[in-house]
Each structure stands twice: as structure tokens, then as C-alpha cells.
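Input: a single structure, listed below in C-alpha cells.
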Amino acid sequence: MLNKTPVSTIMTKDLFILEANDTLRDAENTFRNYRLRHAPVCSGGELVGMLSMIDLKNKDDEDVSGAFGMDSKFMPMLVHQLMTPDPVSVQVSANIIEVAQIFTENDFHAIPVLDGEKIVGIVSTTDIIRCFLDNLD
């Protein structure tokens with residue numbers, strides 16, 4: 001049954017999309033204010049990356065300041081400097097089993113869902129687990 005169920009039935013449709021040139025401070029505020037864990041990143045309306053709360057928590061100020069030659073506390077880093085570029089995405093017609101397989105083969109927890117080139121949703125490992133639990137017989 002789940003191999004025929006499209007991911008569109010479980011994806012989150014209300015998205016917060018970050019822009020590649022947003023500051024990390026703005027991204028952190030968005031994540032905190034809306035209790036997000038992942039967000040797609042766009043530039044010119046095109047999907048260019050993904051940013052997660054884990055990315056923000058794991059950023060190391062020493063690595064950043066060393067890479068840019070300045071004290072990172074005073075440097076307004078941008079989302080595109082920390083995001084994961086060229087993220088794996090799925091089409092809205094992908095089935096839940098296909099998406100679950102992608103998660104098992106990769107080390108990320110959210111996938112943007114596209115209709116052609118347009119972002120229409122995001123699906124997370126939590127969505128997949130919830131779906132599997134709801135379908136236990």
C-alpha cells in the first residue's frame with residue numbers, strides 16, 4: 001500500500017523557505033520562532049540548498065573565523081555559506097517507500113518535495129516514521 005501512496009499525502013505543505021543571502025542570524029531566528037528543524041534554501045526562486053538546525057548548532061566559530069580570517073562574532077555569515085548545496089529532492093509523485101529508502105541511504109533528515117522545479121513541500125524522517133506507525137496492522 002505505501003509503495004503506491006504519494007509523498008504528497010504526508011509532506012508538510014506550509015513551508016518556510018530561506019534565501020541564500022539571508023543571514024544565519026535571521027535563519028536562527030526563523031528556526032526558533034517557528035520551531036523548525038529544516039528549511040529549503042532558494043536563490044532566484046530555484047532550490048539551491050538545505051539548512052538544518054543541526055547545521056546551525058554544529059557551526060564552529062573557530063573554524064568559521066579561521067576560514068575567513070576574522071572574528072566570526074562580528075561577521076554576518078550568510079545561509080549559503082553553511083547550507084548543504086544541491087540537496088537531494090523528490091517529485092511530488094514519489095511514493096513513501098521510495099522516500100524511506102532515500103533516508104536509509106543518506107545522512108540527512110528532510111527532503112524538499114518538488115512539482116517540476118517548484119518547491120511544494122518538505123518531508124522529514126519523522127513524517128515517514130509517523131506514517132509507518134499509522135499503517136501498522
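Does the range 117-135 hold any residues that are within 15 Å of VAL92 (Cα to Cα) and either out of contact with any Gly (no Cβ under 9 Å at 6 or more places or on another chain) or touching a residue at least 12 places away in the same chain (Cβ under 8 Å) (or both), and which are they?
Residues satisfying the conditions are GLU117, ILE119, VAL120, GLY121, ILE122, VAL123, SER124, ASP127, ILE128.
Within the set of pairs 6+ apart or on separate chains, which have a first residue in the range 100-116 that is among the small types (Gly, Ala, Ser) and assigned to a helix (DSSP H, G or I), a second that is modelled with pLDDT of 95 or more and surrounded by 12 or more Cβ atoms within 10 Å (Cβ to Cβ), and C-beta atoms under 6 Å apart?
Qualifying pairs under 6 Å: ALA100/ILE128.
Hey, can you tell me all the residues within the range 1-15 that are surrounded by fewer than 18 Cβ atoms within 10 Å (Cβ to Cβ) and within 19 Å of PHE108 (Cβ to Cβ)?
If the condition is that a residue be surrounded by fewer than 18 Cβ atoms within 10 Å (Cβ to Cβ) and within 19 Å of PHE108 (Cβ to Cβ), then THR12, LEU15 are the ones that fit.
What are the residues in the range 101-137 that are surrounded by 12 or more Cβ atoms within 10 Å (Cβ to Cβ) and among the charged types (D, E, K, R), if any?
Within the range 101-137, ASP115, ASP127, ARG130 qualify.
Please determine, by comparing only the residues of the range 53-94 that are at pLDDT below 90, assigned to a loop (DSSP other than H, G, I, E, B) and acidic (Asp, Glu), which one is nearest to PHE108 (Cα to Cα).
The selected residue is ASP60.
Output yes when any residue across the range 16-25 is surrounded by fewer than 19 Cβ atoms within 10 Å (Cβ to Cβ) and part of a strand (DSSP E or B), and no when none is.
yes
Any idea which residue in the range 35-51 is surrounded by the most Cβ atoms within 10 Å (Cβ to Cβ), counting only those that are free of Cβ contacts under 8 Å to residues at least 24 places away in the same chain and among the small types (Gly, Ala, Ser)?
GLY45
The values are calculated or read from the model by the stated rules, or taken from the named source; none is laboratory data. The shown structure was predicted, so the numbers you read here are calculated from the model rather than taken from an experiment. Here Cβ is always computed from backbone atoms with ideal geometry, including for glycine, and neighbour counts include all displayed protein chains.
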